[in-house]
């Protein structure tokens, strides 16, 4: 068949119909044993992906191992067994993993199988160009429709390009395979041998999320806006993200993998795809792995389109989705922002997959957010996954130039456009508290940060529950949250924008400078004896602190001294009142007996603020000032 005819036949166009395809179909029927008997020694064999692995053909291939030699097996991750990687078949089979799964990891680690690091979007080009030839493709598809087209079902991904590039296609025809829709069809004329089977699809069991996964999921969910388009994988962290998205509206999906969690949000009308900028109204994926309910859901569902990875993973296509949010995992991140995602030191663990495809696509999307998510520790909190340097031999999947957001259970670090000092401090701040001192010392040795950089107390846990929003008197929404060590730059900017009088009112003298050695004392607090809230506004992509409210506990009196500072242009808008009332509430929750404040007599605004706390103040004149006391 000419190539252009084959391409047309594979496209799923109803215009291409062979009235007698059924007759030719009967001529292609074979038993599994007959089909694999046509595989020769030295052949290069592709095996279908994920839940669509052709299990019957794999079993028959192994049973015929005695007559084979140097047969090359290639695939991305599969869910079934991979007996061809066993040591006893060393002379018969050699596996090449384009993504390492649990069933092939040991063989790759022991050198009995190979690993090809490659972007998922670029695998099809290797086959279509002939750089990596395929002699035989073993696949599993749905039964042919009345036009003779079979659906690749739950795995279009790289299976479509492999089938169209192979010299011979051997297909299991399984009535249990869903008839997925989209660019995911193969015509029976392009199948050389058809093997009727009736076996359940492979499935994945969802693990129960632990507290760490839930906290990471909540942190990520807070970054996702209404109308965003999502990409994420499978596991407890993606499931936790989805759990916290039930209050979002009009989310869309453009992803590699469609999962049970996505399906549940569709059923709750959270995912509508209504605001997608390409493929509007459609969920787009390249494969799905999950439960039987999920497979039933995608069957003949026109709301879901399956496309090959050269489409779903093309960064230029991904970037056309406005507000594209890509969520991918990592094994380790170093203090410069390098992300290792495919190896444990020199041991290859998984693969590059589609991480960088989606990181780069989301980064170029209007309003896009590429997110790397990982627990802060491994091996029962004995190893920090935020490290000074990557382990020797570890591979960089997402470079320090590509990284944007890194999220752990301890918070969010935004690294894009940040210098190494800012990156190191941001990442130390979201590392597990027990490792922060060690990371700080390592960063100092490398001259990444200031030599005198203070560290937050190990027991200091950022109180994210205190994060809130307020609306100023003129209708501007501000984020009000506890201060972080990474706020030093914004506090410096605020100080140098203040008028002389504002500085005198706050510090009782005219300070000419606010150097790092002093400024960091305002940022590195324990959130117990000290509390500081900052009010933040956005000016374009940049955040800006416009107000600060703090208290410091005096253990002798068990009262806390408070102080406030609001940028000149933001005074009189209710920021001080909001912070005062918030600090009173926080102090009461920590059983602090009361608050005190020393205010200059001509600081009319601050004096007025003392009467807006909700607690009746007592004032005493002291050396040209008033000493206010507010006991709870």
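The values are calculated or read from the model by the stated rules, or taken from the named source; none is laboratory data. Note that this is a predicted model, so its numbers are computed, not measured. No Cβ is skipped: glycine too gets one built from the backbone with ideal geometry, and neighbour counts run over all protein chains shown.
With 279, 311 as the choices, which residue is closer than 16 Å to residue 156 by Cβ and assigned to a loop (DSSP other than H, G, I, E, B)?
Being closer than 16 Å to residue 156 by Cβ and assigned to a loop (DSSP other than H, G, I, E, B) holds for just one of 279, 311, which is 279.
From the list 494, 510, 514, which one is over 22 Å from residue 458 (Cβ atoms) and touching a strand residue (DSSP E or B) at 6+ places or on another chain (Cβ under 9 Å)?
Going through 494, 510, 514 in turn, just one is over 22 Å from residue 458 (Cβ atoms) and touching a strand residue (DSSP E or B) at 6+ places or on another chain (Cβ under 9 Å): 494.
Looking at 155, 161, 167, can you tell me which residue is free of Cβ contacts under 8 Å to residues at least 60 places away in the same chain, closer than 29 Å to residue 119 by Cβ and assigned by TED's automatic domain parsing to the domain that holds residue 123? It would help to see each step written out before you state the result.
Numbers: 155 fails: free of Cβ contacts under 8 Å to residues at least 60 places away in the same chain; 161 fails: free of Cβ contacts under 8 Å to residues at least 60 places away in the same chain.
Unique residue meeting the criteria: 167.
Among the numbered criteria (1) over 30 Å from residue 442 (Cα atoms); (2) free of Cβ contacts under 8 Å to residues at least 60 places away in the same chain, which single criterion is violated by residue 310?
(2)
Considering the stretch 461-488 alone, what residues qualify as being in a loop (DSSP other than H, G, I, E, B) and surrounded by fewer than 13 Cβ atoms within 10 Å (Cβ to Cβ)?
Listed by number, the residues that qualify are 473, 474, 475.
Determine which member of the set 162, 180, 171, 166 is within 20 Å of residue 253 (Cβ to Cβ) and in contact with a strand residue (DSSP E or B) (Cβ under 7 Å, 6 or more places away or on another chain). Before you say what the answer is, go through the steps one by one.
On the way: 162 fails: within 20 Å of residue 253 (Cβ to Cβ); 171 fails: within 20 Å of residue 253 (Cβ to Cβ); 166 fails: within 20 Å of residue 253 (Cβ to Cβ).
Checking each option against the conditions leaves just 180.
Does the stretch 24-36 contain any residue that is without any contact (Cβ under 8 Å) to a residue 60 or more places away in the chain, outside any strand (DSSP E or B) and in contact with a helix residue (DSSP H, G or I) (Cβ under 8 Å, 6 or more places away or on another chain)?
yes
Check off (1) out of contact with any helix residue (DSSP H, G or I) (no Cβ under 7 Å at 6 or more places or on another chain); (2) closer than 17 Å to residue 479 by Cβ; (3) in contact (Cβ under 8 Å) with a residue 24 or more places away in the chain for residue 539 and give me the number that stays unchecked.
With (1) out of contact with any helix residue (DSSP H, G or I) (no Cβ under 7 Å at 6 or more places or on another chain); (2) closer than 17 Å to residue 479 by Cβ; (3) in contact (Cβ under 8 Å) with a residue 24 or more places away in the chain applied to residue 539, the lone miss is (3).
Select from the stretch 282-308 the residues that are under 22 Å from the mean Cα position of the chain (by Cα) and assigned to a loop (DSSP other than H, G, I, E, B) and write down the one among them that is surrounded by the fewest Cβ atoms within 10 Å (Cβ to Cβ).
Among them, the one singled out is 282.
Take residue 319 and decide whether it is touching a helix residue (DSSP H, G or I) at 6+ places or on another chain (Cβ under 7 Å) and assigned by TED's automatic domain parsing to the domain that holds residue 279.
When the stated conditions are applied, residue 319 passes them.
Just a yes or no: is a residue in the stretch 493-509 under 34 Å from the mean Cα position of the chain (by Cα) and surrounded by fewer than 17 Cβ atoms within 10 Å (Cβ to Cβ)?
Scanning the stretch 493-509 turns up at least one residue that is under 34 Å from the mean Cα position of the chain (by Cα) and surrounded by fewer than 17 Cβ atoms within 10 Å (Cβ to Cβ).
Within the group 118, 154, 141, which residue is buried (at least 23 other Cβ atoms within 10 Å of the Cβ) and either under 30 Å from the mean Cα position of the chain (by Cα) or on the phi > 0 side of the Ramachandran plot (or both)?
Every option except 154 fails the conditions.
Taking only the stretch 575-632 into account, find how many residues are assigned to a helix (DSSP H, G or I), in contact with a strand residue (DSSP E or B) (Cβ under 7 Å, 6 or more places away or on another chain), without any contact (Cβ under 8 Å) to a residue 40 or more places away in the chain and within 17 Å of residue 560 (Cβ to Cβ).
3
Here is a check on your reading of the model: is residue 597 buried (at least 20 other Cβ atoms within 10 Å of the Cβ) and more than 22 Å from residue 498 (Cβ to Cβ)?
No.
Quick check on my filter: what residues within the stretch 218-262 are at pLDDT 95 or above and on the phi > 0 side of the Ramachandran plot?
Selection gives 227, 250.
Given (1) in contact with a strand residue (DSSP E or B) (Cβ under 9 Å, 6 or more places away or on another chain); (2) part of a helix (DSSP H, G or I); (3) closer than 30 Å to residue 415 by Cα, where does residue 546 come up short, assuming only one miss?
(2)
Inside the stretch 493-538, can you point out the residues that are at positive phi and at pLDDT 90 or above?
527
If I ask for residues that are over 17 Å from residue 350 (Cβ atoms) and touching a residue at least 24 places away in the same chain (Cβ under 8 Å), which ones from the stretch 102-121 would you list?
112
May I ask you to list the residues in the stretch 554-574 that are surrounded by fewer than 20 Cβ atoms within 10 Å (Cβ to Cβ) and either assigned to a strand (DSSP E or B) or outside the structural domain of residue 524 (by TED's automatic domain parsing) (or both)?
554, 561, 563
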